[in-house]
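Since the structure comes first, as structure tokens, the remarks are kept for the end.
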Amino acid sequence: MKKLILAGAGHAHLFSILHIGQLIRAGYSVTVIGPGDYHYYSGMGPGLLAGLYQPGETRFAVRKMTEARGGKFVCGSIELIQPDLNRVQLSGGQSLDYDVLSCNLGSNVVPLAPAEDPTLPVKPIENLYTAGREIARRLQKESLRVLVIGGGAAGVEIAGNLCHLGELTKGSLDVTLLSQSDILTRYVPKMRRLVLASFTRRGIHVYEQVSISRFSGQEVMLDNGNTLPFDYAINATGIRPSRVFRSSGLPVSNDGGLLVNQYLQCINYPRIFGAGDCISFLPQPLERVGVYAVRQGPVLYQNLLVALPCGSLRAFRPQARYLSILNLGDGSGLLAWRSFVFSGRLAFLVKNYIDKKFMNRFQVSGEINFDFGGHNT
Ligand SMILES: Cc1cc2nc3c(=O)[nH]c(=O)nc-3n(C[C@H](O)[C@H](O)[C@H](O)COP(=O)(O)OP(=O)(O)OC[C@H]3O[C@@H](n4cnc5c(N)ncnc54)[C@H](O)[C@@H]3O)c2cc1C
């Protein structure tokens, strides 16, 4: 049997993991490598922080999914790919050979301080659950000032959901959102205006066009000379692809994403494929959002099926536009489709419906029945 390694068990690999049986019937032995038994869905991460969702509702039991379909799950982290030997090395020293390697290694949040970064990164998504529970616990006995750093969609959703958490716990919580540019610059300007209006009403402070110079204990120094004290800080400033490809000498873009062609195939090594945040798609730049990772999943699977007999590969054709809905944390959402924008309860209900439908598709291993203690990432 030819050896297929699925490196990383994130959004882009869910479709292949669900179809491991077919991959085995096509002549592969399938090994999935990931750092934990569960993978958490980012779209519901801010709601997980606020306590709107329980962990079991927001995760996929990737080990169970793999094993139930005849695959092998190796709990570990890939350190290096040796493309000339067709081998991957794991952090514990173990190495595994492959005939075909598919990479879904995701991205990491860029740290804010070189040495001791006092902020909690928004990824992995389970950090948001941990943060929410710790903040709720501390609010029982003290007032808290929480900084959310980063004015993109993730930062906005987290600030809004933190505010809701403060209301739920009836604690004294002061939420501040810091952004190096205006908030939501990637979206139509109306989105920014609606969020600023909503946050002003809810008492969430927003500082735009400010950069952090440095952290000093529980204070952050801004480049405009101001200082902000905080008790808890969350880093949502941006992500970069896994470092594994650059360390392995594979072809990468400036930010370290694995360079792939229209077939999601590494440009120099045809046995290596990739999808999601960890790649740089050569035919055109793509935003690193879950929408693309999920849409690439079935194309990647089809190409893995035919990779070894060298069958004809399917091109990934990115959709030009996608629907965005932000969860603002107060029961309302902010929906954007092209230049059309609206906010309110209905927008949140649409998001909740889409998110739950996505979860139902891949929650095939009794996820809801486990408590958070069961996760081991
Ligand atoms: C708070 C937040 C909210 C978001 N909301 C949305 C949204 O609503 N809609 C949207 O489109 N996008 C959203 N995004 C972006 C979205 O999360 C990413 O684009 C998406 O997760 C990318 O999927 P992926 O499959 O590439 O990576 P991931 O889903 O992150 O999967 C990567 C997997 O690889 C594993 N891994 C990493 N390194 C290694 C290693 N060395 N060895 C083995 N395994 C490894 C990780 O543990 C993980 O399981 C959000 C992001 C954040 C932070």
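The values are calculated or read from the model by the stated rules, or taken from the named source; none is laboratory data. In this text, all values refer to a predicted model and were calculated from it rather than measured experimentally. Glycine also receives a Cβ, built like all others from the backbone with ideal geometry; neighbour counts cover every protein chain displayed. Surface accessibility is based on the protein's heavy atoms, side chains included, excluding ligands, DNA and RNA. Shrake-Rupley method; radii C 1.70, N 1.55, O 1.52, S 1.80 Å.
Of note:
- The set of residues from region 205-216 being modelled with pLDDT of 95 or more and in contact with an Asp or Glu (Cβ under 9 Å, 6 or more places away or on another chain) comprises HIS205, GLU208, GLN209, VAL210.
- Candidates LEU334, LEU305 - the one that is under 30 Å from LEU349 (Cα atoms) and either out of contact with any Asp or Glu (no Cβ under 8 Å at 6 or more places or on another chain) or surrounded by fewer than 23 Cβ atoms within 10 Å (Cβ to Cβ) (or both): LEU334
- Every pair of residues 6+ apart whose Cβ atoms lie under 9 Å, when the first sits in region 312-324 and is modelled with pLDDT of 95 or more and within 13 Å of the ligand (Cβ to nearest atom) while the second is among the hydroxyl-bearing types (Ser, Thr, Tyr) and in a loop (DSSP other than H, G, I, E, B): SER324/TYR187
- Pairs where the first residue, in region 242-257, is over 16 Å from SER91 (Cα atoms) and the second is near the ligand (Cβ under 10 Å from one of its atoms) and open to solvent by less than 60 Å² (accessible area, probe 1.4 Å), C-beta under 6 Å, 6+ apart: GLY256/PRO241; GLY257/PRO241; GLY257/ILE279
- Given (1) more than 16 Å from the ligand (Cβ to nearest atom); (2) farther than 30 Å from TYR269 by Cα; (3) not basic (Lys, Arg), number of the condition ALA159 does not satisfy: (1)
- Any hit, region 39-49, residues being open to solvent by less than 50 Å² (accessible area, probe 1.4 Å), under 23 Å from ASP99 (Cα atoms) and near the ligand (Cβ under 9 Å from one of its atoms): no
- Residue in region 200-211 that is among the hydroxyl-bearing types (Ser, Thr, Tyr), under 17 Å from LEU328 (Cβ atoms) and buried (at least 19 other Cβ atoms within 10 Å of the Cβ) present: no
- Subset of region 251-278 (residues that are open to solvent by 10 Å² or more (accessible area, probe 1.4 Å), of a type outside the set (Ser, Thr, Tyr) and outside any helix (DSSP H, G or I)): PRO251, VAL252, ASN254, ASP255, LEU259, ASN261, GLN262, GLN265, ILE267, ASN268, PRO270, ARG271
- In region 123-138, the count of residues that are among the aliphatic types (A, V, I, L, M), in contact (Cβ under 8 Å) with a residue 40 or more places away in the chain, over 27 Å from GLU287 (Cβ atoms) and away from the ligand (no atom under 16 Å from the Cβ) is one or more.
- Any hit, region 217-229, residues being modelled with pLDDT of 95 or more, part of a loop (DSSP other than H, G, I, E, B) and surrounded by 15 or more Cβ atoms within 10 Å (Cβ to Cβ): no
- Subset of region 286-311 that is assigned to a loop (DSSP other than H, G, I, E, B) and over 18 Å from the mean Cα position of the chain (by Cα) - its residue that is nearest to the ligand (Cβ to nearest atom): LEU308
- The combined condition, being within 16 Å of ASP231 (Cα to Cα) and open to solvent by 50 Å² or more (accessible area, probe 1.4 Å), is not fulfilled by ARG186.
- THR237 being open to solvent by 10 Å² or more (accessible area, probe 1.4 Å), under 23 Å from SER42 (Cα atoms), free of Cβ contacts under 8 Å to residues at least 40 places away in the same chain and in a loop (DSSP other than H, G, I, E, B): no
- Qualifying positions in region 64-90 - small (Gly, Ala, Ser) and open to solvent by 70 Å² or more (accessible area, probe 1.4 Å): ALA68
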